[in-house]
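Okay, structure first, notes after.
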Amino acid sequence: MASTAEFHNGMVLDFEGALWTIAYFQRVNPGKGAAFVRTKLKNVRTGAVVERTFRSGEKVTDVKLNSRPVTYSYTDGHLYYFMDDNTFDLIPISGDLLGPDQLKYLKENLPCEGVVHEDEIILIELPQFVELAVTQTDPGVKGDTASGASKPAVLETGAVVQVPLFVEEGDVLKIDRTEDKYLSRVTA
């Protein structure tokens, strides 16, 4: 159990039957009345955000989440299967839990992190930087390189990112998936 005095951003709470991460908190001491803590909580599984106010000194159950290495294996169209690198078990995860922002960068044999609660992987986090091949892009026009222009490129997973004009089909790119941003070409 933890007191509201111990709240910090990123702390995970078991609250109302779900796991919540403290995204924001503010301690308030009004001139009249008891102090309280105003928070924004994000559901670990669904990503839903709620605002909640706690009385100062109120006790809540804090949770320690660990991470474990997992590797993406395959999908059957509905579920995405990850292999636990420690136990070699296959863990089915729904596409809704992964979210569209992660799914567009998911490729076979991609090493990821599994978030563990009570020996069960409840969430998968892809690495921030991924290396993917370009499957389709328009050729760069000679003479346009001085302007710093960019063009769209379709990656092997179907994601589309803006890339410099010199990038060609078949190039392997390093992408920051959290910002959908091209970083560099990967040399072989």
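The values are calculated or read from the model by the stated rules, or taken from the named source; none is laboratory data. From a predicted model like this one, the values you see are computed outputs, not experimental measurements. Here the Cβ positions follow ideal geometry from the backbone for every residue, glycine too, while neighbour counts run over all protein chains shown.
Odds and ends about this structure:
- Among the conditions (1) in a strand (DSSP E or B); (2) under 17 Å from Ile124 (Cα atoms); (3) not β-branched (Val, Ile, Thr); (4) not assigned by TED's automatic domain parsing to the domain that holds His117, the only one that Arg45 does not satisfy is (1).
- Unmet criterion (only one of (1) part of a loop (DSSP other than H, G, I, E, B); (2) surrounded by 13 or more Cβ atoms within 10 Å (Cβ to Cβ)) for Val115: (1)
- The condition of being surrounded by 11 or more Cβ atoms within 10 Å (Cβ to Cβ), within 22 Å of Val116 (Cβ to Cβ) and aromatic (Phe, Trp, Tyr) does not hold for Phe7.
- Of the residues in region 134-150, none is within 19 Å of Thr71 (Cβ to Cβ) and not assigned by TED's automatic domain parsing to the domain that holds Ala18.
- Look at region 165-178: where a residue is in the same structural domain as Pro152 (by TED's automatic domain parsing) and of a type in the set (Phe, Trp, Tyr) and a partner is assigned to a strand (DSSP E or B) and surrounded by 14 or more Cβ atoms within 10 Å (Cβ to Cβ), sitting 6+ places away or on another chain with Cβ atoms under 9 Å, you get Phe166/Arg185.
- Residues satisfying the stated conditions in region 118-129, i.e. modelled with pLDDT under 90 and part of a strand (DSSP E or B): Glu120, Ile121, Ile122, Leu123, Ile124, Glu125
- Tally of residues being within 19 Å of Ser3 (Cβ to Cβ), exposed (fewer than 14 other Cβ atoms within 10 Å of the Cβ) and in contact with a Lys or Arg (Cβ under 7 Å, 6 or more places away or on another chain) across region 36-53: 1
- Scanning region 12-34 turns up no residue that is among the acidic types (Asp, Glu) and in contact with a Pro (Cβ under 9 Å, 6 or more places away or on another chain).
- Taken over region 17-33, residues that are outside any strand (DSSP E or B) and of a type in the set (Lys, Arg) amount to 1.
Here is a yes/no grid of residues against (1) closer than 28 Å to Lys181 by Cβ; (2) modelled with pLDDT of 90 or more:
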position	(1), (2)
Val70	yes, yes
Ser73	yes, yes
Asp76	no, yes
Tyr80	yes, yes
Asp84	no, yes
Leu97	yes, no
Gln102	yes, no
Leu106	yes, yes
Asn109	yes, yes
